[in-house]
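Input: a single structure, listed below in structure tokens.
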């Protein structure tokens, strides 16, 4: 373990120091890390190493049951389909895909058709019966009858014709890359990992397909609509401090505002949280950076990484992000959840959210990561094209790495964004970056690449493209910092103090 610890600590020192002036961003009051940061981070790394050792030992002691082989995450998956660009959006040609899951405990002893009819309501019972009889829905890779009784560890597979939701065509910018870490500037609207109706239109797939960056380790995550710095480990994970910037409703109070309200996940099914005494401890430091007479730009420094932490704390304080489609909504009550006052049970909240936001971009349903393809909306009264339905917002629990440091002070070792086409190592050696495939003008729609399935409802429907406002939320990961390294992006246009909604 000592060798492992030395290796991790050594990896934290790889990046060469490059001085910049933090005061140019937020002024001299934005001191970011205290003098004890390095020691605190090293202690956290040591604790993480011990925890990993315990988990490994426990896993080795477990009595493993042999399961049928499940389709893996290999290079073959990247060739399932390809991208094209249209109307400022990155789109994916529909493709055939096999969803898989193992039998859950509550399904054991039940009939296959009964389980799918009840658990996966994206399609009718008749459709699942058709899939079973035609052999596209199998158990342990074998065709079975509709009344097949499920057993422990049965592998269920369902072949579907998959249609993904469009995302922004904005390119991913590589901020820094070496043998240990990858730092990117994530565009809004793109999930980090496959989830719901997103697979190829995710950060990890785009990086693998267009930048040949594969096997990346998640250091933290960002919500789908959140833009900004995103770090991947190429060796070991790193402890860090984080700084975000957002735009909220109203005039945020002056001075440093600390919110330490515990956050509870109300439903992993749809990815919703709230402040609750039963929640997990967390802490966020907020500070107003400017006010344009209607909305405020706020700096956010989370010291923990709870799901939707910044968004939930801002909702609790009564200053929700202005275009947050979830936490800035009257479904949380007349005051939109200010002070934790929702005025309804968790069950009622979930029901209302599913009714009100069934077609909203952040909402998903159980089974997103397995079998579900969303039901299309009913036809609009104008008989125009139907709304494109998006699913879950990284509702795979979206848990970020926690940073335990309580006090911040400025570091002068910030690395600024280096355009990907000019990316160089700190020692001056050129790093190979994205291939030439991300050329929007050469990747327009090609009808020859389009596949169809006579049984696929979505193939028969013309969906409307999402609007630009559907692809962004005004929350941006601005800066991540460790004991001797720091990365920072430029401020988004909406984070200018004098910016106004009508200027969009």
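Taking 7 Å steps out from each Cα toward its Cβ at residue 502 and residue 354 produces label points 4.2 nm apart.
Counting neighbouring beta carbons within 10 Å and listing from fewest to most, the residues 310, 132 come out as 132, 310.
Both the radius of gyration and Dmax for the stretch 198-255 are 15.4, 46 Å, in that order, over alpha-carbon atoms.
With a ≥ b ≥ c the root eigenvalues of the C-alpha gyration tensor of the stretch 454-501, is it rounded (a/c under 1.5), prolate (a/b larger than b/c) or oblate? Oblate.
Extension gain for residue 345-residue 127 works out to 75.0 nm (0.36 nm per residue, less the C-alpha to C-alpha distance). Scoring 189-196, 444-451 by mean Cβ neighbours within 10 Å over their residues and listing the highest first yields 189-196, 444-451. Quick check on the stretch 147-292: take the gyration tensor over C-alpha atoms, sort the square-rooted eigenvalues as a ≥ b ≥ c, and tell me if it's rounded (a/c under 1.5), prolate or oblate. It is oblate, given that a/c is not under 1.5 and a/b is not larger than b/c. With the convex hull of the Cα atoms taken as the outline of the stretch 95-162, the averaged projected area works out to 4.0 nm².
Under the simplified labelling scheme, the residue 142-residue 452 pair shows an inter-label distance of 3.7 nm, with each label point 7 Å from Cα along Cα→Cβ. When the alpha-carbon atoms of the stretch 212-289 are used, the pair Rg, Dmax equals 15.9, 46 angstrom.
Cα centroids of the stretch 267-289 and the stretch 458-488: 20 Å apart.
A short reminder: the numbers here are calculations on the coordinates, not readings from a lab. In this text the structure is predicted, and so the values were computed from the model without any measurement. Cβ atoms come from the backbone with ideal geometry, glycine included; neighbour counts cover every protein chain shown.
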